[in-house]
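Readers should treat all values here as calculations from the given coordinates under stated rules, not as data from a laboratory. All values derive from a computational prediction rather than experimental measurement. Every residue, glycine as well, gets a Cβ built from its backbone with ideal geometry; the counts of neighbours run over all protein chains shown.
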Amino acid sequence: MHILSLHNYYRIRGGEDVSSEAEEDLLREMNHRVTVYRENNDRIDKLHPLQLAAKTIWSRESYRAIHHQIKSDRPDVIHVQNFFPLISPSIYYAAQSLGVPVVQTLRNYRLLCPNGLFFREGNVCEDCLHQAIPYPSIQHACYRENRFATGVTAAMLVAHRGLGTWLQKVSLYITLTEFARQKFIEGGFPTAKMITKPNFINPDPGPGTGSGGYALYVGRLAVEKGLDTLLEAWAQLAHPIPLKIVGDGPLSDLVVAAAAKNPAVQWLGRQPMARVHELMGEAMFLVFPSKWYETFGRVALEAFAKGTPVVAAKIGAIAELVDDQRTGFHFTPGDAVDLARVVAAVVERGDLLAPMRQEVRREYQLKYTAKPNYEQLMAIYRQAIAQQVP
């Protein structure tokens with residue numbers, strides 16, 4: 001099978017980019033031909049705002065490029081990882097004009113919420129979920145903290161809803177969790193087109209020992225990730241275990257200040273993936289304090305692969321991934337007091353973690369390895385091809 005995969009990406013790649021690349025590598029390992037079309041979003045700042053607006057709603061350049069590539073390569077299916085903003089939904093029309101089915105992975109909530117997160121001013125926000133015109137996002141400048149840019153994004157959503165793009169031009173959508181699937185269905189997407197397929201970790205990094213005696217956070221240092229909740233919880237612990245923080249982002253100064261005040265907090269900055277996996281394997285547990293509706297939570301999945309339990313906020317997809325008392329522990333999102341309570345209880349009953357590590361590792365082996373993921377992906381592709389109208 002020949003797959004044409006499309007990406008908008010930034011030079012600094014996040015977990016979702018790692019997941020889509022892993023998917024493409026797996027397809028190549030299974031002897032499929034994969035052609036990748038990329039558009040670098042770093043050039044956004046070089047475009048005039050009106051040029052960017054036009055490209056966001058309908059990119060003639062992308063339409064021509066994809067139309068040409070389809071005619072040249074004749075792929076069996078097009079898998080869109082992210083079209084926003086420079087590729088644009090025009091590529092769906094290029095594919096349809098040549099009879100090639102489109103599968104779209106929904107790695108954020110952009111088609112329902114202009115900022116893609118359902119998160120504003122430190123809290124979950126669904127103000128635009130049921131709006132035909134997402135005007136609250138413009139009022140609050142939700143995308144890039146810029147009303148014009150937000151207005152362009154909203155215009156793209158409204159225009160393509162009106163054209164029927166989301167309902168008619170995409171054969172199937174992939175969501176990474178059932179939570180995300182239900183959120184898109186609530187937002188008006190057809191149930192029959194929504195398929196849940198999780199991310200996976202390949203190759204298997206192997207289990208760790210959990211003998212490091214520390215807790216670990218890995219991810220972007222940002223408010224939606226719950227860094228403020230995490231640091232406040234550690235300040236409240238009477239006898240805090242060491243907390244290692246890996247990553248960087250807009251709240252790095254807050255982490256530096258917390259580490260200066262609290263000797264239990266250590267900031268390691270960015271680390272190579274091999275080192276991250278090593279840290280995960282030796283951690284007593286991983287903390288996932290997110291405040292927004294994560295569409296998946298790859299970091300938690302990496303912890304599972306190492307056999308490390310996860311202390312997770314009970315919100316969105318991460319609450320679905322982490323089974324309370326079996327593969328980790330839940331706490332109330334944004335509640336530092338509750339997080340501190342759960343951490344203290346976990347540390348006090350550390351004897352429970354060894355058998356839990358075995359259960360966590362089994363969870364990874366059962367659900368999140370390459371083989372079942374490949375089989376699910378091929379079934380999705382075959383379904384999209386079978387239902388494509390000649």
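Only the Cβ atoms of Lys and Arg (+1) and of Asp and Glu (-1) were treated as charged; on that basis the dipole of the chain about its Cα centre amounts to roughly 1020 debye. Largest GNM mean-square fluctuation across 149, 274, 95, computed for the chain with C-alpha springs under 10 Å, falls on 274. The dipole here belongs to segment 154-241: it is taken about the Cα centre, uses +1 on the Cβ of Lys and Arg and -1 on the Cβ of Asp and Glu, and is about 500 debye.
Can you give the Rg to Rh ratio of segment 110-234, both from alpha-carbon atoms, with Rh computed by the Kirkwood formula? Ratio of gyration radius to Kirkwood radius for segment 110-234: 1.07. Taking the charge dipole of the chain about its Cα centre, with +1 at Lys and Arg Cβ atoms and -1 at Asp and Glu Cβ atoms, the residue from 50, 243, 130 reaching farthest to the positive side is 50.
The alpha carbons of segment 215-367 stretch over 40, 31, 27 Å along the principal axes, in descending order.
Length, then width, then depth: along the principal axes, the Cα atoms of the chain run 63, 47, 35 Å. Between residue 18 and residue 135, the FRET efficiency estimated from the beta carbon spacing at R0 = 41 angstrom works out to 0.70. Among the helices of the chain, those built from whole DSSP H runs whose Cα atoms reach 15 Å or more along their own axis and whose mean Kyte-Doolittle hydropathy is at least 0.5 are 147-163, 336-348. Taking other C-beta atoms within 10 Å as the exposure proxy, 55, 197, 261 rank 261, 197, 55 from fewest upward. Potential lengthening of the chain between residue 379 and residue 148 amounts to 79.1 nm, from the contour at 0.36 nm per residue minus the alpha-carbon distance.
By the count of neighbouring beta-carbon atoms within 10 Å, fewest first, 39, 224, 145 end up ordered 145, 224, 39. I want to verify the translational diffusion coefficient of segment 160-302 in µm²/s; compute it with Stokes-Einstein, Rh as the Kirkwood radius over Cα pairs, at 37 °C and 0.692 mPa s. It diffuses with D of about 189 µm²/s by this estimate. As a proxy for reagent exposure, ranking 191, 308, 35 by other Cβ atoms within 10 Å from fewest up yields 191, 35, 308. Placing a label point 7 Å from the Cα of residue 369 along the Cα-to-Cβ direction, the residues of segment 191-212 whose backbone N falls under 17 Å of that point are 198-208. Each other residue within a Cβ distance under 11 Å of residue 172 adds +1 if Lys or Arg and -1 if Asp or Glu, for a net charge of +3.
Length gained on full extension, residue 268 to residue 31, computed as 0.36 nm times the residue gap minus the Cα-Cα distance: 81.4 nm.
Spin-label pair residue 235-residue 60: with each label point 7 Å from Cα along the Cα-Cβ axis, the two points sit 5.5 nm from one another. Here residue 332 and residue 159 are evaluated by their C-beta separation; at R0 = 51 Å the FRET efficiency comes out at 0.80. With a simple spin-label model that places each label point 7 Å from the Cα along the Cα-to-Cβ direction, the separation between residue 257 and residue 74 comes to 6.3 nm. Here the sum of -39500 (n - 2.57) over DSSP H runs of 4 or more residues, divided by the residues of the chain, equals -13000 deg cm²/dmol at 222 nm, to the nearest 500.
With each label modelled as a point 7 angstrom along the Cα→C-beta vector, the residue 214-residue 325 pair spans 3.2 nm.
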